[in-house]
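S.K.: Sending over a structure as structure tokens; questions will come in a sec.
The values are calculated or read from the model by the stated rules, or taken from the named source; none is laboratory data. Since this is a predicted model, take the numbers as computed values, not measurements. With ideal geometry, Cβ positions are generated from the backbone for all residues, glycine too; neighbour counts draw on all protein chains shown. The protein model used for the area step is the full one, side chains on, heavy atoms only, and it has no ligands, DNA or RNA in it. Shrake-Rupley method; radii C 1.70, N 1.55, O 1.52, S 1.80 Å.
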Amino acid sequence: MTEHIELKQLNSNLRYRFDYLSKFLNFTPDDIQLLNRFAVILLPRIPVVADTVYRKLLGFDITKQYFLIRNDGFEGNIIKKPTSLTTESAQMTFRKDMLSRYLKRVLTQTDWNDTFLQFLSQVGKMHTDQSGSESINVDYIHINALFGYLEHLLLDILWSHENLDDKTKNLMFMAINKYFWIQNDFFTMHYLKVWNEEDLTSNEPAVNKTKYCCL
């Protein structure tokens with residue numbers, strides 16, 4: 001039997017959109033539990049992951065340029081000369097901390113409730129030009145490349161972990177992959193400007209305004 005999906009709801013209701021993606025990708029509570037289990041493996045390695053990600057981003061002038069602009073929330077002295085910017089610069093330490101906190105929150109989240117979906121959406125929105133003073137306005141090609149690179153880093157860590165059987169590793173691989181596609185969609189819906197959000201969190205706690213971003 002063919003299930004009807006309402007386009008207007010897809011483009012205005014985060015829960016409806018997430019439920020559709022979950023059905024399509026077969027993303028279930030079991031995948032969330034697998035991500036939680038993977039968090040135990042990844043958390044001690046997150047500083048290395050964050051440093052590796054930003055070394056990659058500083059390796060190209062087209063992505064390095066985004067880090068010469070003051071971030072909303074960053075109050076330190078900012079380096080504006082490309083040749084002086086390193087992964088140890090204050091603004092890069094700030095970015096690495098944001099990425100670290102983002103990964104910790106995503107992988108340890110046990111309930112993907114409406115507040116958490118709003119969080120995933122806001123992370124995507126702030127990378128466009130649609131989030132006011134929080135906007136970073138990064139061209140999507142760099143976001144897409146970063147997702148691919150970050151996923152490869154996480155999968156490599158999982159692959160080299162010795163205390164898991166092959167079946168569990170395979171299930172974790174799939175859970176990580178599904179998560180990346182869901183987060184990627186929560187970016188692209190803002191880049192494509194198809195999103196017309198309804199307020200669905202009146203009964204949920206307010207979304208934490210702590211800054212999280214990758215670029």
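S.K.: With just the Cα atoms defining each centre, how far is the range 79-127 from the range 1-54? Give it in Å.
M.R.: 17
S.K.: Sticking with this structure for a sec: Report the one residue of L154, F186, N71 whose Cα lies farthest in the direction of the positive end of the charge dipole of the range 17-195 (charges on C-beta: Lys and Arg +1, Asp and Glu -1; origin at the Cα centre).
M.R.: After comparing all options, I get N71.
S.K.: Near I41, within a Cβ-to-Cβ distance under 11 Å, what is the net charge of the other residues, with Lys and Arg +1 and Asp and Glu -1?
M.R.: +2
S.K.: Could I ask something else about it? Determine the gain in length on full extension of the stretch V194-D129; use 0.36 nm per residue of separation and subtract their C-alpha separation, reporting nm with one decimal.
M.R.: 22.0 nm
S.K.: Then there is this: Ignoring ligands, DNA and RNA, what percent of the accessible area of the chain is carbon or sulfur (1.4 Å)?
M.R.: 52
S.K.: Hey, another quick one. Can you tell which of V49, V106, V40 shows the greatest fluctuation in a Gaussian network model of the chain with Cα springs below 10 Å?
M.R.: V40
S.K.: Next up: Under the classification rounded if a/c is under 1.5, otherwise prolate if a/b is larger than b/c and oblate if not, where does the range 72-112 fall, given a ≥ b ≥ c as square roots of the Cα gyration tensor eigenvalues?
M.R.: Prolate shape, in that a/c is at least 1.5 and a/b is the bigger ratio.
S.K.: Before anything else, pin down the relative contact order of the chain: Cα pairs under 8 Å, at least 6 apart, normalised by residue count, whole percent.
M.R.: 33
S.K.: Run the helix sum for the chain: -39,500 (n - 2.57) per DSSP H stretch of 4+ residues, divided by residue count, reported at 222 nm to the nearest 500 deg cm²/dmol.
M.R.: Per the formula, -18500 deg cm²/dmol.
S.K.: I need the shape label for the chain. Rule: rounded when a/c is under 1.5, else prolate if a/b > b/c, else oblate, with a, b, c from the alpha carbon gyration tensor.
M.R.: Taking the square roots of the gyration eigenvalues as a ≥ b ≥ c, the chain is oblate.
S.K.: For the range 1-66, what is the accessible area per residue in Å², given a 1.4 Å probe and the full set of protein chains?
M.R.: So the range 1-66 comes to 60 Å² accessible per residue, rounded to a whole number.
S.K.: Could you please put R105, R17 in sequence from largest to smallest accessible area, using a 1.4 Å probe?
M.R.: R105, R17
S.K.: Still on this model: Once whole DSSP H runs in the chain are found, which of them have Cα atoms spread over 20 Å or more along the helix axis and a mean Kyte-Doolittle score of at least -0.5? Mind dumping the intermediate values first?
M.R.: Details: long enough: 90-108 (27 Å, -0.41); 140-159 (28 Å, 1.00); 166-191 (37 Å, -0.36).
Within the chain the helices that satisfy the rule are 90-108, 140-159, 166-191.
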